[in-house]
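The values are calculated or read from the model by the stated rules, or taken from the named source; none is laboratory data. As the structure is a computational prediction, the values presented were derived from the model and not from experiment. Quick reminder, even Gly has a Cβ in these numbers, built from the backbone with ideal geometry, and neighbours come from all protein chains shown.
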């Protein structure tokens, strides 16, 4: 249904993807994609982000919401990436999880999309909702949902599977008023809130 599915966050390198993913928390990818071109023009490298005052960055990213926390995470991430990882986000889950603002979802996005490393399955709100609707998990905690998906989805599909679910959630399987009549998965979906 979604050939060529990939990350919707616009980025030119792993660092930009890390920043965009941190900004995407509780925000739409569309909004993040509106903010990041100007942001990356103003702060081209992790060194530039590490040097900016947190309150200045907060103002630059205000429209993404939770801007004070996100500014703290991004500047903290920049300082760590520069000091500990030579200016590039690391390539392991363990190291990614030491970066301010990078929990499993962010780490999986960067590792999978930027580096092609399948370390897990991205679980965002769409993946969480669709995994429950399609009866792929009974859990509500993202880490437990990820574990369930990792057991049933072949490892070589972990990266693209999340992108496909996210696209499906945006296109048809909305939180409210899902477009079940248009859905190619309708025959295998037994969601309680399935529209007739």
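Below are the figures for this structure:
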| quantity | calculated |
| --- | --- |
| Residue 144 under 15 Å from residue 1 (Cβ atoms), without any contact (Cβ under 8 Å) to a residue 24 or more places away in the chain and either assigned to a helix (DSSP H, G or I) or out of contact with any strand residue (DSSP E or B) (no Cβ under 7 Å at 6 or more places or on another chain) (or both) | no |
| Some residue of region 38-56 being surrounded by fewer than 22 Cβ atoms within 10 Å (Cβ to Cβ), within 14 Å of the chain's Cα centre (by Cα), under 29 Å from residue 126 (Cβ atoms) and at pLDDT 95 or above | no |
| Selected residue [touching a helix residue (DSSP H, G or I) at 6+ places or on another chain (Cβ under 7 Å) and in a helix (DSSP H, G or I)] from 110, 121 | 110 |
| Residue match in region 136-154 (condition: buried (at least 17 other Cβ atoms within 10 Å of the Cβ), within 20 Å of residue 14 (Cα to Cα), at pLDDT 95 or above and in contact with a helix residue (DSSP H, G or I) (Cβ under 8 Å, 6 or more places away or on another chain)) | no |
| Unmet criterion (only one of (1) surrounded by fewer than 18 Cβ atoms within 10 Å (Cβ to Cβ); (2) outside any loop (DSSP other than H, G, I, E, B)) for residue 88 | (2) |
| Residue 105 vs. criteria out of contact with any helix residue (DSSP H, G or I) (no Cβ under 8 Å at 6 or more places or on another chain), part of a helix (DSSP H, G or I) and closer than 19 Å to residue 163 by Cβ | no |
| Filter result (outside any helix (DSSP H, G or I) and farther than 23 Å from residue 123 by Cβ) within region 1-37 | 12, 13 |
| Selection from region 76-119 of residues that are in contact (Cβ under 8 Å) with a residue 12 or more places away in the chain and on the phi > 0 side of the Ramachandran plot | 87, 101, 116 |
| Residue among 118, 132 that is within 14 Å of residue 163 (Cβ to Cβ) and either at pLDDT below 95 or over 10 Å from the mean Cα position of the chain (by Cα) (or both) | 118 |
| Residue in region 94-111 that is more than 24 Å from residue 22 (Cα to Cα), within 20 Å of the chain's Cα centre (by Cα) and surrounded by 13 or more Cβ atoms within 10 Å (Cβ to Cβ) present | no |
